[in-house]
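Read the structure below first, then the notes.
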Amino acid sequence: MRDRDRKPPFRRQGGKPFEKGRKSPGRPAWRDREASADGPAILYGWHTVSAALANPERHIRKLLVTENAARRLAEENIDTRVTPEIVRPNLIDQRLGPDAVHQGLLAEADPLPSPDIDTLAQQGIVLVLDQITDPHNVGAIMRSAAAFAVKAIVTTARHSPEATGVLAKSASGALELVPLVLVQNLARALTALNERGFLTVGLDSEGSEDLGKVELREPLALVLGAEGKGLRQLTRETCATVARLDMPGEIKSLNVSNAAVLALYIGASRLGLMG
């Protein structure tokens with residue numbers, strides 16, 4: 001760490017703005033067919049970038065900061081690990097678009113490694129995502145997963161959003177805290193979890209019983225389906241049980257990220273993981 005009174009070295013941005021029409025680079029493991037073998041993850045926003053800087057496993061390639069952000073980094077004694085480039089806010093806007101709330105920070109970083117499903121600890125809770133494609137929802141689920149100390153999130157390498165940009169911002173630093181296990185076939189991954197002693201519980205409005213009444217145990221895998229489509233048929237059939245979330249109001253369904261929070265609260269409470 002730098003001494004609090006010492007200003008980090010900065011240099012001026014000399015590169016060209018991001019070219020219009022060029023695809024944003026992202027985390028390769030989360031890309032679909034057009035994955036780049038070595039494209040960086042794009043991280044922006046204070047919580048997202050500061051968490052990445054604090055993660056020794058995250059290799060930072062480039063860091064763009066505004067003068068205000070540079071001042072805050074120095075005041076909070078945050079080790080940038082690379083020499084940041086001082087830029088005007090509109091240059092970051094050009095890279096991300098005018099609606100991105102970047103707070104003067106943008107980092108290009110190597111993607112984090114994806115653990116193998118066979119290495120997951122047989123304890124606590126993991127989440128399994130069945131083709132949830134909205135990056136805002138996946139980011140929000142990751143943030144909740146970090147809050148509930150979820151051991152990992154299992155998802156498919158295809159038909160999932162990139163772990164970069166909007167998803168990373170929505171996760172608010174959780175990308176650095178919750179391992180992502182990327183699999184080619186979700187049904188086979190669920191079978192592997194079943195064989196390793198996980199209780200796999202799919203969440204679906206047509207589930208046979210309320211999650212709050214299901215006998216839960218560790219290790220627990222909660223399986224969430226995409227909004228609208230829900231769990232795919234093979235996913236449902238591979239889960240040990242399929243449960244619903246009963247609610248007293250007129251609206252009986254929740255946004256998938258909200259459903260994840262409720263399911264995690266029920267699971268963590270029932271397993272004694274809240275204390």
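Before we move on, is G197 closer than 21 Å to V256 by Cβ and either over 21 Å from the mean Cα position of the chain (by Cα) or at pLDDT 95 or above (or both)?
no
Test G275 against the stated conditions and say whether it is outside the structural domain of I141 (by TED's automatic domain parsing) and modelled with pLDDT under 95.
Criteria met by G275.
Tell me which residues, restricted to the stretch 83-114, are among the hydrophobic types (A, V, I, L, M, F, W, C) and closer than 20 Å to L175 by Cα.
Correct list: L96, A100, V101, L105, L106, A107, A109, L112.
Can you tell me which of V101, V181, V87 is within 21 Å of L222 (Cα to Cα), aliphatic (A, V, I, L, M) and touching a residue at least 12 places away in the same chain (Cβ under 8 Å)?
Going through V101, V181, V87 in turn, just one is within 21 Å of L222 (Cα to Cα), aliphatic (A, V, I, L, M) and touching a residue at least 12 places away in the same chain (Cβ under 8 Å): V181.
For G165, indicate whether it is assigned by TED's automatic domain parsing to the domain that holds A240 and on the phi > 0 side of the Ramachandran plot.
So G165 fits the description; yes.
Taking the criterion of being closer than 21 Å to V181 by Cβ and surrounded by 20 or more Cβ atoms within 10 Å (Cβ to Cβ), would at least one residue in the stretch 239-254 satisfy it?
The answer is yes; a qualifying residue exists.
Need at least 1 residues that are at pLDDT 95 or above and within 20 Å of the chain's Cα centre (by Cα) per element, so show me which helices (runs of 4 or more DSSP H) inside the stretch 41-115 make the cut, counting only ones lying wholly within it.
In the stretch 41-115, the matching helices (runs of 4 or more DSSP H) lie at 46-54.
Could you tell me whether S172 is among the hydroxyl-bearing types (S, T, Y) and surrounded by fewer than 22 Cβ atoms within 10 Å (Cβ to Cβ)?
It is true that S172 is among the hydroxyl-bearing types (S, T, Y) and surrounded by fewer than 22 Cβ atoms within 10 Å (Cβ to Cβ).
For the stretch 138-172, give me each residue that is more than 8 Å from the chain's Cα centre (by Cα), assigned to a loop (DSSP other than H, G, I, E, B) and more than 18 Å from A121 (Cα to Cα).
Of everything in the stretch 138-172, those that are more than 8 Å from the chain's Cα centre (by Cα), assigned to a loop (DSSP other than H, G, I, E, B) and more than 18 Å from A121 (Cα to Cα) turn out to be A157, R158, H159, S160, P161, E162, T164, S172.
Any chance you could count how many residues in the stretch 162-191 are in contact with a helix residue (DSSP H, G or I) (Cβ under 6 Å, 6 or more places away or on another chain) and closer than 19 Å to P113 by Cβ?
15
Is it the case that A100 is aliphatic (A, V, I, L, M), out of contact with any Asp or Glu (no Cβ under 7 Å at 6 or more places or on another chain) and not assigned by TED's automatic domain parsing to the domain that holds Y265?
Spelling it out, A100 is indeed aliphatic (A, V, I, L, M), out of contact with any Asp or Glu (no Cβ under 7 Å at 6 or more places or on another chain) and not assigned by TED's automatic domain parsing to the domain that holds Y265.
Just to check your reading of the model, which residue among D134, D130 is crowded, with 21+ Cβ neighbours inside 10 Å, closer than 24 Å to V201 by Cα and charged (D, E, K, R)?
After applying the criteria, what remains is D130.
Quick check on L127: is it touching a Leu at 6+ places or on another chain (Cβ under 7 Å) and not small (G, A, S)?
For L127, the condition - touching a Leu at 6+ places or on another chain (Cβ under 7 Å) and not small (G, A, S) - is met.
Which of the residues spanning the stretch 236-275 are free of Cβ contacts under 8 Å to residues at least 12 places away in the same chain and farther than 21 Å from P219 by Cβ?
Passing the criteria: M247, P248, G249, E250, I251, L254, N258.
The values are calculated or read from the model by the stated rules, or taken from the named source; none is laboratory data. Remember, predicted model here, so these are calculated numbers, not experimental data. Here Cβ is always computed from backbone atoms with ideal geometry, including for glycine, and neighbour counts include all displayed protein chains.
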